[in-house]
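Enquirer: Dumping the structure here so I can ask a few things about it.
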There are 2 protein chains.
Amino acid sequence: MGRVFSRVDHIGVAVEDLDAALELYERDYEMTLVHREVIEAQGVEAVLLDVGENHVELLAPLGPDTPVGKYLAKRGPGMHHVAYQVSDIDATLAALRDAGLRLIDEHPRDGIRDSRVAFLHPATAGGVLTEIVQPAKGH
Amino acid sequence: MGRVFSRVDHIGVAVEDLDAALELYERDYEMTLVHREVIEAQGVEAVLLDVGENHVELLAPLGPDTPVGKYLAKRGPGMHHVAYQVSDIDATLAALRDAGLRLIDEHPRDGIRDSRVAFLHPATAGGVLTEIVQPAKGH
């Protein structure tokens, strides 16, 4: 039983400009910014904002040829993915693979704020780019 | 201070067929179905699944000329909106209007499972169709 999702970890939102987006999320929505990080491997600068025990992750592309840059060019700013929190990402990923789901990441990799993450392909996830996240201890 | 979002209430996912989608969410993701309802005013049949204290709301259109029907025709199945939970929807909606956000619903209306809901327009919400939800007592 490593498959159970304990909560929505975050929704990922693609934005053109982080600081402009933060005006909406910090000033208007009164969310608290808790983390900011350049993730070179994913081609993004990202921030995390708290919403209770959940988060919003804002993603700004480091360039037009990154996945988020291409997403923005095609669809414009908006919801990019949903991430569910798990306590044992290795077991969960194995269970989802065994259930026949198509994985983008065959093995967990490093994510934001020292988490371990893996993405499921939208093709077998109802059209939703879906991430599973095992947070670092303390988060 | 009626504006604070206490958590992600749900992510709304547009689907072509509820029962087919439930195979993914119930069988593969092992989420628990907690509610099913036809919401004629919104032109959808919807279900709620628990993910910890958050939910996934699956939305199937009652016909092609409904908002979700048109969304599916244009973009296909996938993430449709995000909903944040609030404790005082009237105060929150007023504060967001005063902040200059464009509202789809000037006043809260009845939502799923006896909640009160209002939608913010994506144009001033970072491209994200955003809902605020005050759940019925007991949910």
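Enquirer: Sort out which residues of the stretch B:96-115 are among the hydrophobic types (A, V, I, L, M, F, W, C) and closer than 16 Å to residue B:81 by Cα, and write them in order of number.
Expert: Within the stretch B:96-115, B:103, B:104, B:112 qualify.
Rundown of residues vs (1) free of Cβ contacts under 8 Å to residues at least 60 places away in the same chain; (2) under 30 Å from residue A:121 (Cα atoms), yes/no style:
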| position | (1), (2) |
| --- | --- |
| B:61 | yes, yes |
| B:71 | yes, yes |
| B:90 | no, no |
| B:93 | yes, no |
| B:117 | yes, no |
| B:128 | yes, yes |
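Enquirer: Taking the stretch B:1-18 as the search range and keeping residues that are closer than 24 Å to residue A:53 by Cβ, among the hydrophobic types (A, V, I, L, M, F, W, C) and in a loop (DSSP other than H, G, I, E, B), which one is least open to solvent (accessible area, probe 1.4 Å)?
Expert: By that ranking, first place goes to B:5.
Enquirer: Do we have any residue at all in the stretch A:71-79 that's of a type in the set (Phe, Trp, Tyr) and either surrounded by fewer than 14 Cβ atoms within 10 Å (Cβ to Cβ) or in a strand (DSSP E or B) (or both)?
Expert: no
Enquirer: Among the residues of the stretch B:19-41, which ones are within 11 Å of another protein chain (Cβ to nearest Cβ) and not in a strand (DSSP E or B)?
Expert: B:20, B:21, B:22, B:23, B:24, B:25, B:27, B:28, B:29, B:30, B:31, listed by residue number.
Enquirer: Also: Checking the conditions here, which among B:68, B:56, B:51, B:82 is within 8 Å of another protein chain (Cβ to nearest Cβ), touching a Gly at 6+ places or on another chain (Cβ under 9 Å), at pLDDT 95 or above and open to solvent by less than 10 Å² (accessible area, probe 1.4 Å)?
Expert: None of the other options fit; the residue is B:82.
Enquirer: Could you grab me the full set of residues in the stretch B:87-138 that are within 14 Å of chain A (Cβ to nearest Cβ), surrounded by 20 or more Cβ atoms within 10 Å (Cβ to Cβ) and assigned to a helix (DSSP H, G or I)?
Expert: B:92, B:93, B:96
The values are calculated or read from the model by the stated rules, or taken from the named source; none is laboratory data. Quick caveat: nothing in here was measured; it's all calculated off a predicted structure. All Cβ positions, even for glycine, are placed from backbone atoms using ideal geometry, and neighbour counts span all protein chains on display. Each accessible area value is taken on the protein alone, full model and side chains, heavy atoms only, with ligands, DNA and RNA left out. Shrake-Rupley method; radii C 1.70, N 1.55, O 1.52, S 1.80 Å.
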